[in-house]
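Have a look at the structure below before the remarks.
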């Protein structure tokens, strides 16, 4: 079998590694134009900030690929002929496949703003973006970041590290309003404030103004304010990269349409990761998932199907994490930003430090826990996931909260304060803390 | 995949920071003047002015750099600054440090008349202090101990400011500062004051290899009660406390909490921790070097005892000669000149990683007989590489984290920086049951590929 994978991001690489494990004899070729070797997209910001060098963000050393017989082709696949099982590459060659995985990832979205193609306007998705940002922010005084999501805060932190003043435009009334409840968003806002980053809420981009050389010189917001700047970062999301798929018979919509086995409309052609759109997502799940973790899980799942073990994609209990300047964030399970029917939530925040935890549970007895938000403290994923999967009652979870504590040694332990706050807010179900932190405490 | 990134301009250093750096530079200049000045009175003046300027400048700079900013991981421009990325400043620093070690080890011995070679003008200003602490004039080793302790304390203060968001780092840094000042500087001095053997209660065989040589043991025992206790202490620490403590806490109880070499690496060496080589090739060199060195010092110790017990055999003489060469090659060149002199080029733990027999011994225990591990939090790793970057021991931490596996490596000294630097809270140093210690997270299906040698 010759498996060709288009894209050497986390999805394509995870698929390649899994296929190598399941089928030691398979011939595997990875095609990528972006980089010769797989690198971690998530670490681009650290290269910009000088924490890491470009070579430090390669998850595997260069010998790894040859030793595991994974052929790397550094080229763009420009056309796909599914009738002949043939790819055309921009280096003048063609590549025949038995099975094909499209893991072409995303591209930054632009919403047709006037001036969006001026020099100095960009998103942050891949290495070319990092190069552009390094070049275009060279020696500038102010950059405007558009978007109140995860990339928005990253861009602000990046500029801040170079002594460039960031101004952040956020559409909603608080940060990342589609995901974070107001209390959590307020803690993120405190990070902006501590680092003296200006954030304009209820504000969107209307227009980008250029100078005579075609470079950005200012933005105009929907409030009519003109903000002078020399660079604009667009952090308003990404959309599937469909360039190759559209050259072929593969059916697409917003993304490449796939069934639960990640099969496209054409036999022997699969799609996974950011570029895939699920025809029938499971209840409560979105059709296009654009996370590092989901990319990895989809890559692993499709590898099983490719190796003759048809496996439906089941995401399992949701999880995600991020860091906002110095504030760590982890979330597990169902953690909606606002009130959700049938769900209740308990929130505790440290009176002085930036530490908070929110536990979501069903309003009806026995109040099964469905999700967690943690800010400024670390929760053990395996424990949270087990509680959610087993529908543990919130009283049980709180009584054993220490089991989920993943903070380093000597860190202040907040379980007693959390339980006390819960007992004040929900006096009808009194909880006694039974388990404290550490691997040696056994369940009673 | 090395994108052509424009080297960006570093943010301008503030005038206040420049001033503090100028104060440090002034202190180093004063040290040179002390070296050059033949007049004992002015030597004193220059020498103490140097210590004062370097101390004040370093503390003020650390506060401006870290203390005055919000607490958190602060690595900005680490790989862009010449001083921390093997640039010109780093090479000059390395040459100066190496030069100091060469001068100290081979060109500053007592000539029998109280002259200490090239460092003579720095030794004598310490006579008064040495007299008060140790009841005898200073020598080149007292000068070295003073500089070493000062470096640990000043750069320890910097580490306390830099890592104040982590209580683990605060307590650990305070610990290395305490052990260096008390156990490796004041107590040996006070022992001398009371006419007792100069003994370091924080160094053990096989690092302090001669503590269990028959020559040292017999001379200590002759000294009476305290000497006998010292022999007992040394043997008990090497053969009982080390395995027991390592079983419970891993090798960190020593390497990153107590040891003086580790103490210097964690404080003065902190700006250089990212320079350790993370490649598989470097790991192979580590294994090739450190275990043979452990075997060598065990063999030499055994030979010396055979010689001692049998009253002189040809084999035993070989032991004495080998001990002498071991002292030169490993004790001086490797641990001192290369180990510290090359901090700005090879990173802060070259000696601990490639050469220290104590680290090898602790590492074997940690790997096979310990409750210690660094846990990975399920499938949360994003392969960003910050953990590997800050690992001073050159462990490619992310190889384990991205596969959901716990990190159990002989080399790990438990400094905890990977856990501190991880932007997703994925890593945690833990002591837990040995059962299932190597168990990977079920939330990620680790490939069985040969990633590590």
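Readers should treat all values here as calculations from the given coordinates under stated rules, not as data from a laboratory. The shown structure was predicted, so the numbers you read here are calculated from the model rather than taken from an experiment. Cβ: placed from backbone, ideal geometry, glycine included. Neighbour counts: every protein chain shown.
I'd like the Kirkwood hydrodynamic radius of the range B:20-101, using the inverse of the mean 1/r over distinct C-alpha pairs, in Å.
14.5 Å
Roughly what % antiparallel, to the nearest 5, for the DSSP beta bridges in the protein assembly as shown?
Roughly 60 percent of the DSSP beta bridges within the protein assembly as shown come out antiparallel.
If you take the square roots of the eigenvalues of the alpha-carbon gyration tensor of the range A:198-313 and sort them as a ≥ b ≥ c, do you get rounded (a/c under 1.5), prolate (a/b over b/c) or oblate?
It is prolate, given that a/c is not under 1.5 and a/b is the larger ratio.
Taking the Cα of residue B:305, stepping 7 Å toward and past its beta carbon, and measuring to each backbone N in the range B:236-260: which are under 14 Å?
It comes to B:236-240, nothing else.
Once you treat every alpha carbon in the range B:97-229 as an equal point and sum by Debye, what is log10 I(q)/I(0) at q = 0.12, 0.17, 0.21 Å⁻¹?
-0.60, -1.09, -1.30
Taking the DSSP beta bridges in chain A as the whole, what percent of them are antiparallel, to the nearest 5?
Just about 55 percent of them are antiparallel.
Give me the extension gain from residue A:247 to residue A:76: residue separation times 0.36 nm, minus the current Cα-Cα distance, reported in nm with one decimal.
60.3 nm
Give me the Debye-computed log₁₀ of I(q)/I(0) at q = 0.22 Å⁻¹ for the range A:240-370, equal point scatterers on Cα only, no solvent, two decimals.
Log10 I(q)/I(0), no solvent term: -1.24.
Go ahead and estimate [θ] at 222 nm for the protein assembly as shown from helices alone: -39,500 (n - 2.57) per DSSP H run with n ≥ 4, summed, over the residue count, rounded to 500.
My calculation for the protein assembly as shown gives -11500 deg cm²/dmol from helical runs alone.
Using label points projected 7 Å from each Cα along Cα→Cβ, tell me how many nm separate residue B:317 and residue B:226, to one decimal.
3.8 nm
Per residue Cα convex hull volume for the range B:296-447, in cubic angstrom?
Each residue corresponds to 129 Å³ of Cα convex hull volume.
Direction-averaged shadow area of the convex hull around the Cα atoms of the range B:106-176, nm²?
6.0 nm²
What shape does chain B take by its C-alpha gyration tensor, where a ≥ b ≥ c are the square roots of the eigenvalues and a/c under 1.5 counts as rounded, a/b above b/c as prolate, and the rest as oblate?
In terms of gyration-tensor shape, oblate.
Could you compute the FRET efficiency for residue A:194 and residue B:440, with r as their C-beta to C-beta distance and R0 at 35 Å, rounded to 0.05?
0.40
Could you work out, residue by residue across B:412-420, how many beta carbons of other chains sit within 10 Å of that residue's beta carbon, and then give the average as an integer?
Average neighbour count from other chains, rounded to a whole number: 1.
Regarding the range A:153-229, what whole-number volume in Å³ per residue does the convex hull of its Cα atoms give?
Taking the convex hull of the Cα positions in the range A:153-229, it is 97 Å³ per residue.
Mind computing the radius of gyration and Dmax over the alpha-carbon atoms of the range B:100-146? Å is fine for both.
9.9, 28
Against the empirical 2.2 N^0.38 Å scaling, what ratio does the C-alpha Rg of the range A:50-127 come to?
In units of the globular-protein estimate, the range A:50-127 measures up at 1.53.
Per the Kirkwood formula on distinct C-alpha pairs, the Rh of the range B:302-365 is how many angstrom?
For the range B:302-365, inverting the mean 1/r across all distinct Cα pairs yields 13.3 Å.
Semi-axes of the range B:199-301's equivalent ellipsoid from the Cα gyration tensor, sqrt of 5 times each eigenvalue, largest first, rounded to whole Å?
29, 17, 13
Just the C-alpha atoms of the range B:261-346: what Rg/Rh do they give, with Rh taken as the Kirkwood radius?
Answer for the range B:261-346: 1.12.
Looking at the range A:329-444, I'd like the Rg to Rh ratio, where Rg is from alpha-carbon atoms and Rh is Kirkwood's inverse mean 1/r.
0.92
Where the Cα atoms of the range B:1-158 are projected onto their three principal axes, how long is each span, largest first, in whole Å?
On the principal axes, the range B:1-158 reaches 61, 34, 25 Å in Cα extent.
May I ask you to give the average projected area over all directions of the convex hull of the Cα atoms of chain A, in nm² rounded to one decimal?
Computing the convex hull of the Cα atoms and averaging its projections yields 24.0 nm².
Can you tell me how the range A:6-70 classifies by the Cα gyration tensor, rounded, prolate or oblate, using a/c under 1.5 as the rounded cut?
Because a/c hits 1.5 or more and a/b exceeds b/c, the range A:6-70 counts as prolate.
Which three extents, in angstrom, do the Cα atoms of the range A:57-209 have along their principal axes, listed largest first?
The Cα atoms of the range A:57-209 stretch 55, 37, 36 Å along the principal axes, largest first.
Between residue B:131 and residue B:29, with labels modelled 7 Å along Cα→Cβ, what's the label distance in nm to one decimal, could you check?
Once both label points are built, they end up 3.2 nm from each other.
In square nanometres, what is the average projected area of the Cα convex hull of the range A:124-168?
Value for the range A:124-168: 2.8 nm².
What Kirkwood Rh does the protein assembly as shown have if only Cα atoms enter the pairwise 1/r average? Answer in Å.
Across the protein assembly as shown, the inverse of the average 1/r is 30.2 Å.
Beyond 17 Å, what percent of the Cα pairs of the range B:367-411 remain?
Pairs farther apart than 17 Å: 30 percent.
Would you list A:110, A:315 from fewest to most Cβ contacts within 10 Å?
Starting with the residue having the fewest Cβ neighbours, the order is A:110, A:315.
Give me the one-decimal nm value for the distance between modelled label points at residue B:71 and residue B:12, 7 Å along each residue's Cα-to-Cβ direction.
3.2 nm
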